[in-house]
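The values are calculated or read from the model by the stated rules, or taken from the named source; none is laboratory data. Predicted, not measured: the structure shown is a model, and the values here were computed from it. Here the Cβ is made from the backbone with ideal geometry for all residues, glycine too, and neighbour counts use every protein chain on show.
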Amino acid sequence: MSYLIHLVVRSPSRQRKAVGGAMRATTRSGGIVTMADTVTRDAPSWRRSSQRVTEPTIASSPATSSLLSTTISIVCVYNDLAVRQECLDRTVHKYIDSGNFGFLVEYIPVDNVHATYPSAGSALNYGASIAKNDIIVFVHQDVLLHSVEAVIEAASRMDQERFGVLGAIGVQSSGRIVGSIRDRTVLLGDPVTQPTDVDSVDELLFMVPRSLIISEPLAESPDLAWHAYAVEYGLRVRRRGLRVGVAHIPVTHNSLTSNLARLDAAHATVAAQYREMLPVHTTCGILAKRTINGPRRVRLASQRSGYRWLSNSLRVREVYRHTATPVIFSDVRFTIDEIAGRSPGRELYILNHARGGRFADDDGEFIELKRRGNVIAATAKEISELSEVLDRRPKDSWLLITNMTSRDVRAVDSDFVLENRVIGYDPSIEYWMILGAELSDLPTGWYKGPSIRPGAGAAPRVNSRWWDRIRWRRRAVMKPVQRELRYGSWEFVAASNWARHQSPTLRISALIRSMARDPGLIRVFLAVLRLPVVEFRVRRADISLSKSYFTPSGHGRLARAVLDLPADEQRYLVGRARQTLRTNLRHARELGVTSDRVSYEAWVEAAAAVLGSRSSSDPLGEQCKPGRHRAYYVARDADGTALAFAGADLFGQFAGLFIMLSRRGHPGASWARYQLHTFLALDLSSSGVRYLLAGSALREPTGHQYFQHLLGYRVCNLRVEVIPT
């Protein structure tokens, strides 16, 4: 889920009102809260040493006097207060309290912790409707603004240069990324000195005149809930004859997650609405005519992966020969948390190679970032200043250098005596290097296992003995390969749309006719056949009692939602993929939600109360009758009110979730579902159950599929061995 912020510009007639109002915290109604005070943080070891770590600097602008006629309001839509305070609050609050031109800024965070707004468009439109200024800038909650004055200066140029949308980073029609941002650990984009026209801007920061956003609000379509709404708005603005561009607004995007759910659906929706303007280049890909229905050519993923590995191997061969060091194929943006977690003291220095100058006016000092319990200090300088950085960092700390070319890597290797180093490469970010670390210090999964899609952020590969790898690839092409069907991918969405319109008893002839009408389904069907297989041993009596999990003959099922039950809670909740689940469980604990395994009588009573809130005439259906091999669960709030209930069929080493519903109209019901399912999974695991089935992974509604995705369900094929009763 993305969280966004508005910076708004005031006209001179409103400055007097802003002077008194912007310098004090003002509580607003309708979900608007005031900016909390900056959280006091314990200083890490480098702050206690001679090394100096600074906050983002309030830059001075040569055109300060001309900017006094432009004021801004910042409206932040957030769902994680800690992230907002660590990133956006820290930079905006410092500017407001600077005493110089703090009266130019008004900050209005919009609370979406309890999912009040179903989409980014609805939340941002509400923020725009209560803002009183002339320019509104939408910003993610995990963005650090290096210069608030740069935002004000860009806003002051929108009207005179006929810009309808201005952003911090975007993509031109040639595919060139322009702008100046730090994406987690890497600098992205070519800096610009003047506002520059682009095809589209990224959602992390973009500004729109208030008069325009009131007459033409952001799209609130479910297909554009958290993706591509800035792309769609930019195309709409261009239809009206206005410009879409990027200005020099240096920011750091300290993103903790990569939410790609339903990105394909968002791109397809935008492409269908603006066919005459295609192709459109975005930071997440190119929108073309084929985007509307997805790619139709059948491609072999194993060959594509092998080609990618070979292409990267040829690119890095000069560096490998010069340094005699294996090169990891990985995008360090997605593995930075693993690196920082293994660094000494969980503190990591980062040097971004800023070619041809500085990244922001506050360069020269380290900017502190906090990520998952790790502390990172980043700065941007030329490679020629590396010796100065090495002298200033603590002796045993690791230094990550990014944005390097092959020439930079060879120069560093020749000019410095480096005993320990790790070199990595990805085509999208070029080379990176970790000084002070060895390959053995990194997770073993980095140099074992198959290649992955660039940017997926897992299992990087080492380029070593590349000709042997080519021969191994040639031998492996003909082997059957099992691959996951990733939630939100084109294959997943296409398979779901097709499966929902088919009868449960699908005939082969109907499948062949569907593929003849739409050849793209061939790729979908192959992806389903290649899914990982989970094998079960089932008694014939259990099959006859529960046909929803198996076919009457006992054969397996295709594309079922399967959860590998965790051994303990800590192992289940670890990792970036479980961040949303951890957040929801924390909300449930704060509301006093608890879950228990109960008797059938208590379960029926709680189920009747929950179903009553849903206006259900039948309290429990035929499938919910009592059974000897069933487990019943209920979640209640602090007052004992039943918020959700669930039931599971038990089949030895696996179980089937036959029902799970939550109360409607209760503020804690949404969090209770996550708490109840987590309790259920851990309870079944402690009873010796290994797998939990939840029916079809493709026929479920989109909301249920997303719920399963957050809980860790995989899409698998079932293979069943029938044993005597």
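Given the conditions (1) of a type outside the set (Ser, Thr, Tyr); (2) in contact with a strand residue (DSSP E or B) (Cβ under 7 Å, 6 or more places away or on another chain); (3) modelled with pLDDT of 85 or more; (4) buried (at least 19 other Cβ atoms within 10 Å of the Cβ), report the number of the one that Gln85 does not fulfil.
Failing condition for Gln85: (2).
Name the residue that is farthest from Asp183 (Cα to Cα), counting only residues in the stretch 370-407 that are assigned to a helix (DSSP H, G or I) and of a type in the set (A, V, I, L, M, F, W, C).
The first filter runs over the stretch 370-407 and keeps only residues assigned to a helix (DSSP H, G or I), leaving 383-392, 406-407.
Now drop any that are not of a type in the set (A, V, I, L, M, F, W, C), which leaves 383, 386, 389-390.
Values: Ile383: 19, Leu386: 21, Val389: 21, Leu390: 23 Å.
For the stretch 370-407, the residue satisfying everything is Leu390.
Taking interchain pairs and intrachain pairs at least six residues apart, which have beta carbon atoms under 7 angstrom, with the first residue in the stretch 559-578 and aromatic (Phe, Trp, Tyr) and the second outside any helix (DSSP H, G or I)?
Close Cβ pairs satisfying both conditions: Tyr572/Pro566.
Which residue pairs have Cβ atoms under 7 Å apart, sit 6 or more places apart or on different chains, and have a first residue in the stretch 68-92 that is assigned to a strand (DSSP E or B) and a second that is surrounded by 21 or more Cβ atoms within 10 Å (Cβ to Cβ) and among the polar types (S, T, N, Q)?
From the stretch 68-92, the pairs are Thr71/Asn133; Ile72/Asn133; Ser73/Asn133; Cys76/Gln141; Val77/Asn112; Tyr78/Asn112; Tyr78/Gln141.
Mind checking which residues of the stretch 172-192 are assigned to a loop (DSSP other than H, G, I, E, B), among the small types (Gly, Ala, Ser) and surrounded by 17 or more Cβ atoms within 10 Å (Cβ to Cβ)? Break it down into steps so the answer makes sense when it comes.
Of the residues in the stretch 172-192, the ones assigned to a loop (DSSP other than H, G, I, E, B) are 172-176, 180, 184-185, 189, 191-192.
The next check asks that each one be among the small types (Gly, Ala, Ser); those that pass are 173-175, 180, 189.
Ser180, Gly189 - these are the residues of the stretch 172-192 that are assigned to a loop (DSSP other than H, G, I, E, B), among the small types (Gly, Ala, Ser) and surrounded by 17 or more Cβ atoms within 10 Å (Cβ to Cβ).
Could you list, in sequence order, all residues of the stretch 564-596 that are outside any helix (DSSP H, G or I), touching a Leu at 6+ places or on another chain (Cβ under 8 Å) and not hydrophobic (A, V, I, L, M, F, W, C)?
Of the residues in the stretch 564-596, the ones outside any helix (DSSP H, G or I) are 564-568, 574-575, 591-596.
Next, only the ones that are touching a Leu at 6+ places or on another chain (Cβ under 8 Å) stay: 565-566, 568, 593, 595.
Of everything in the stretch 564-596, those that are outside any helix (DSSP H, G or I), touching a Leu at 6+ places or on another chain (Cβ under 8 Å) and not hydrophobic (A, V, I, L, M, F, W, C) turn out to be Pro566, Asp568, Ser595.
Can you confirm whether the stretch 703-722 contains a residue that is in a helix (DSSP H, G or I), over 21 Å from Arg597 (Cβ atoms) and at pLDDT below 85?
Yes, the stretch 703-722 contains at least one residue that is in a helix (DSSP H, G or I), over 21 Å from Arg597 (Cβ atoms) and at pLDDT below 85.
Restrict the check to the stretch 190-200 and report whether at least one residue is more than 17 Å from Val137 (Cβ to Cβ), free of Cβ contacts under 8 Å to residues at least 40 places away in the same chain and within 28 Å of the chain's Cα centre (by Cα).
Yes: one or more hits.
Identify the residue in the stretch 556-592 that is exposed (fewer than 15 other Cβ atoms within 10 Å of the Cβ) and in contact with a Phe, Trp or Tyr (Cβ under 9 Å, 6 or more places away or on another chain) and, among all such residues, is farthest from Leu680 (Cα to Cα).
The extreme case among them is Glu590.
For residues in the stretch 374-414 being touching a Leu at 6+ places or on another chain (Cβ under 8 Å) and of a type in the set (D, E, K, R), which is surrounded by the most Cβ atoms within 10 Å (Cβ to Cβ)?
Checking each candidate, the answer is Arg393.
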